[in-house]
Structure formats: structure tokens, C-alpha cells
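Colleague: Pasting a structure here, questions to come.
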Amino acid sequence: MGGGVPLPAWTKALSQDRDNNPRTLFEALPPNVLALAKEADRSVKAGNPDYLPAVLCQVGLPRSPTEGRTFERTSGNVSLQVEAGKAWDGKSWQPLPLPYGVRPRLALVHIATEAIRTNSRTVDVGSSVNAFLTELGLDNGGKAYRQMRQQMTALAACTLRLGRVETRNIGGQDRDFAITLDAKPFRQFEAWIDSSGNQPSLWPTEVELTQEFFESIRETAVPLEHRALAQLSHSALALDLYTWLAHRLHRVRRGGSRISWAALQEQFGTEYRDRKDFKRQFRKRLRETLAAYSAAKVEEVEGGIMLHASPPPIPRTRAAIRKLPKTSKPKA
């Protein structure tokens, strides 16, 4: 691929440090996994957008560590439930936490974008996700590296369920139906086993998307600007606001759409008990989001905010996804 982003400096020094310090960043990973860093080179400087499925632009993952095994977030007639999973580490089934924060959000963007770029349900992750996050300005050394490994494994093992309300006309009368969908994103994932510590740990090297999730990416992916993701990569809430506005604003009808603080807190602030704390944090992150998405027309009004019709962050001429043949389902 031409016009790509140079590989991080640590990949060049990797072979020199491996023998002396095999526990620095990716030195402990096999060479074939390290080679996957090249997947982060997606011609970003040529202007190619990143992508995220539309439903994950509307309802997202937890933003902070969450007790329990499930997390729920609701927006209008759509609700997302995230259930923590377990992973086989070669010896036993290990319970994993719920994925949360900036890194799994951006990892999903990377995976969705790679699935579109390659038109494949199988996506090499390994060090490519870390290279992608490093490119966005995130620190991925030391403690941050361990957190990234844990978050990627938690993301690969989790289950997503979507609930929505659908109105149908039955016998001349509109009736609402509650629909629950199993939206697990990954059919399987392969992970390299690191047995050097007191307890085996995993680093996913390859994920295979479910057919349903892959099709949802192909059919509903929202184009996102790489520069804006980098600008907002310090805050999970800012990323949520940006992806939501990228999905929502170009569909706002004339006259605008008013959203109350109560609805905003249900969608973005279930982690906040105090409405004042949520409003203060929401305003701060909204200012940052609007600085990154300058075409967005959003204003605060009494009791909430007003959305006005705005152009998407990526022009439609650049955002179109090529119509490629669908991949066949894998053999059992």
C-alpha cells in the first residue's frame, strides 16, 4: 500500500531489544504477529475514512470499569446489553471483565475499517491494533500495554445483545413489538498464550467476525474522520459524542431536533448519579467534539440541546463503500 503511515519506531528497534529485554512492549510476541503491525498502514494520509457500525454510534460500551457481568445502555427505542465473556487460556476458562474505555472503542473502529478494506470477515489484529492506537497518539507502553491486552481479550470474548422496538401495522392498527437480537461481534478469536508470568495471559492475534456483524458493518458503517478520532482519543465520552453526531446530524430534518438532558443522560450518562455532574462533563466533551467536527451544528437550549442538519464529517463521495461480493460462510 502506498502513502501509508510509517511504522512506529519500536518496530525497528524490536529485534535489537528482544534478547536483552524480552518483556518490553511486543518483544515477547512471535515475529509473525509483529508483522501484523503493517495492517495499521491503511492509507490514512490519502484521506481514507475509518468506519463504525451505525448501532455502535448510537449506543456504546461502558466508559469506566463496571461491576457485575453485564452493562446496559439505551437510546430511544434501541438498547444495548454487553455481557462479559470467558476465554480458554490453554488450561482453564478465565472470566474476563467488561470491555470499557477508549481502547476497545478504537479497536472496534480499526476492526470494522479493516473488514471493509479487505472485504473479509477475518481480521488480523495482534500488534496492528496497537500500531493503530499509537498512530492516534495513545501511549501503549508498560501499564498501558497490559491494559490494552486485557481490553482486547475482553472485547473479543464479550457478547452484545440489541433490543429495539418495531412498529408494525396489523389489521389497520399500529402495534409495537419488542425485538431482541444476539449481536455477538466475533465468531472466534485466536490468542497467543504468554506463560512467562504467574498466570497465563492472552493477546488476540486474529478475530473472525460473525456473518451478521460483518454484514452490519458493510451495510450500516458510518464514515469517521481519522484526524478527529486522534483529536478525541483522550476521552471515551468525546468519542461517543463524535460518532453519534457523525451518524445523526446529516439525518436531522428541517427545524432541528431537541433532546432533553434526561434523554442525553440515559444515552450517555448512566455512569453518573448526579445530573449536574453529567451536564458539566457533557458540556466539556461536547465543546471538544465540536472543535474536532467543525461542521456540526449543535446548540444548548433550555432543558437540553438542539441538533441542526449538518454535513457528515466525511463527504459522501469519499465515504461510499465499494460493492464487493460477499464472503462465503466458513465450513464447519
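Colleague: For the range 201-264, run through the GluC sites (Glu not before Pro) and keep only the ones in DSSP coil with at most 12 other Cβ atoms within 10 Å of their Cβ.
Modeller: Qualifying residues, ordered by number: none.
Colleague: Sort the range 163-314 into rounded, prolate or oblate with this rule: let a ≥ b ≥ c be the square roots of the eigenvalues of the Cα gyration tensor; rounded if a/c is under 1.5, and if a/c is not under 1.5, prolate when a/b is larger than b/c, oblate otherwise.
Modeller: Because a/c hits 1.5 or more and a/b fails to exceed b/c, the range 163-314 counts as oblate.
Colleague: Separate question: What does the convex hull of the Cα atoms come to per residue for the range 235-311, in Å³?
Modeller: Expressed per residue, the convex hull around the Cα atoms of the range 235-311 is 81 Å³.
Colleague: Next question, about the same structure. Fewest to most neighbouring Cβ within 10 Å: what's the order for Trp261, Trp244, Trp93?
Modeller: Trp93, Trp261, Trp244
Taken together, the values in this text are just the output of simple stated rules run on the coordinates, not laboratory data. Not measured: the values here are computed from a predicted model. Cβ atoms come from the backbone with ideal geometry, glycine included; neighbour counts cover every protein chain shown.
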